[in-house]
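What follows is calculated from the coordinates using simple rules that are stated; it is not laboratory data. Bear in mind the structure is a predicted one, so any value in this text is a computation, not a measurement. With ideal geometry, Cβ positions are generated from the backbone for all residues, glycine too; neighbour counts draw on all protein chains shown.
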Amino acid sequence: MSTRLQPLRESIAAVLGAPPDPAPLDPEVLEVVQDDGYRREKVTYQVEPGDRAYAYILIPDALDGPTPAIFCHHQHHREWHLGKSEVVGLAGDPDQATAVELARMGYVTFAPDAIAFEERRPSPDASFDNNFFEFAARLIRGETLLKKILSDVSRGLDYLETRPEVNPRYLGFIGHSYGAKVAVWAAACEPRLRATVAHCGVGTYRARIRTRVGIQIEFAVPRILQVADTDSVLSLVAPRPFLISTTTEDRHSPDAEYVYQRARAVYEEMGFGARLGFYGYEGSHVFTAPMRRNAYRWLDGWLRGL
């Protein structure tokens with residue numbers, strides 16, 4: 001971690017606001033199902049007092065010891081009824097089932113619901129109104145929804161570290177769209193993440209305002225642009241490996257290459273330019289099989305190839 005970047009890190013921490021109160025993890029396995037090549041466990045654990053997360057963890061068959069684990073974050077797509085179930089192939093778009101594909105490659109994979117999605121909704125018909133409530137209720141207390149989301153990611157990593165199947169020195173993260181936005185922030189704020197992939201959804205706040213593509217409410221942080229934009233946040237990941245993967249027609253990635261070039265300067269200054277990657281594809285806001293295979297190869301190189 002660069003000491004030169006420490007003031008930036010502290011300024012970002014200040015605008016993100018206070019973290020949730022601590023609480024015992026209190027993990028519990030709710031269900032165990034054997035599938036093709038892996039065991040799927042549904043688990044729950046406490047992320048703050050009175051608030052429990054729900055997740056699937058996929059354990060490959062015939063592990064011969066602790067293995068690298070990858071946190072697979074779900075997309076948004078305004079489908080609040082979907083979260084972890086889409087990532088593990090039980091519902092939704094098969095192209096989003098990254099946890100299954102990576103488990104069949106031999107990784108332990110972990111797919112929780114983000115707050116306001118799937119089992120973390122107050123009712124089956126909850127949608128944007130509940131999402132907005134989660135944002136507004138924190139804002140009036142001087143907190144932010146983004147800080148809560150990042151805290152939940154850290155609690156997920158805490159849970160992974162309790163699992164005997166996991167090598168905690170080799171933790172990765174992959175996300176598409178909403179998951180890609182979380183990937184940038186999580187990698188910047190969570191040093192336990194050794195290698196990260198963000199596919200689509202990477203762009204600066206300024207470009208989103210200019211193009212009117214919108215600011216996803218989870219990332220609306222008061223005064224953030226007085227402190228940093230996305231490229232500066234990404235620079236805090238250095239020198240750990242990070243891949244930006246994007247498409248030419250993805251309106252949610254208005255200036256992904258600019259973010260890459262700005263952050264790359266920091267990586268190169270540290271002498272680790274090769275650890276920041278950029279893959280660009282023709283196409284729309286999709287995560288096709290070839291795109292996913294390249295993303296998996298990137299993770300392989302840093303989590304199992306060294």
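I'd like the full set of residues that are out of contact with any helix residue (DSSP H, G or I) (no Cβ under 6 Å at 6 or more places or on another chain), part of a helix (DSSP H, G or I) and not β-branched (Val, Ile, Thr), limited to the stretch 85-114. Ser85, Pro94, Asp95, Glu101, Leu102, Ala103, Arg104, listed by residue number. Checked against (1) in contact with a helix residue (DSSP H, G or I) (Cβ under 6 Å, 6 or more places away or on another chain); (2) in contact (Cβ under 8 Å) with a residue 60 or more places away in the chain, Glu48 passes all but a single condition, namely (1).
Residues that are surrounded by 17 or more Cβ atoms within 10 Å (Cβ to Cβ) and farther than 21 Å from Trp302 by Cα within the stretch 234-257 comprise Thr247, Asp250, His252, Ser253, Pro254, Asp255, Ala256, listed in sequence order.
Exactly one residue among His81, His73 is in contact (Cβ under 8 Å) with a residue 12 or more places away in the chain, touching a His at 6+ places or on another chain (Cβ under 9 Å) and either surrounded by 18 or more Cβ atoms within 10 Å (Cβ to Cβ) or within 26 Å of Ala126 (Cα to Cα) (or both), and that residue is His73. What residue, among those in the stretch 119-161 that are surrounded by 20 or more Cβ atoms within 10 Å (Cβ to Cβ) and in contact with a Gly (Cβ under 6 Å, 6 or more places away or on another chain), is farthest from Asp61 (Cα to Cα)? Selected residue: Thr144. Residue pairs whose Cβ atoms lie under 9 Å apart, separated by 6 or more positions or on different chains, with the first residue in the stretch 86-98 and at negative phi and in contact (Cβ under 8 Å) with a residue 40 or more places away in the chain and the second among the small types (Gly, Ala, Ser) and in a loop (DSSP other than H, G, I, E, B), are Val88/Ala97; Gln96/Gly89. The residues of the stretch 283-306 that are in contact (Cβ under 8 Å) with a residue 24 or more places away in the chain and either in a loop (DSSP other than H, G, I, E, B) or more than 19 Å from Pro241 (Cβ to Cβ) (or both), listed by number, are Gly283, Ser284, His285, Val286, Phe287, Thr288, Ala289, Arg304.
Does the stretch 196-218 contain at least one residue that is in contact (Cβ under 8 Å) with a residue 12 or more places away in the chain, assigned to a helix (DSSP H, G or I), touching a His at 6+ places or on another chain (Cβ under 6 Å) and surrounded by 21 or more Cβ atoms within 10 Å (Cβ to Cβ)? Within the stretch 196-218, none of the residues are in contact (Cβ under 8 Å) with a residue 12 or more places away in the chain, assigned to a helix (DSSP H, G or I), touching a His at 6+ places or on another chain (Cβ under 6 Å) and surrounded by 21 or more Cβ atoms within 10 Å (Cβ to Cβ).
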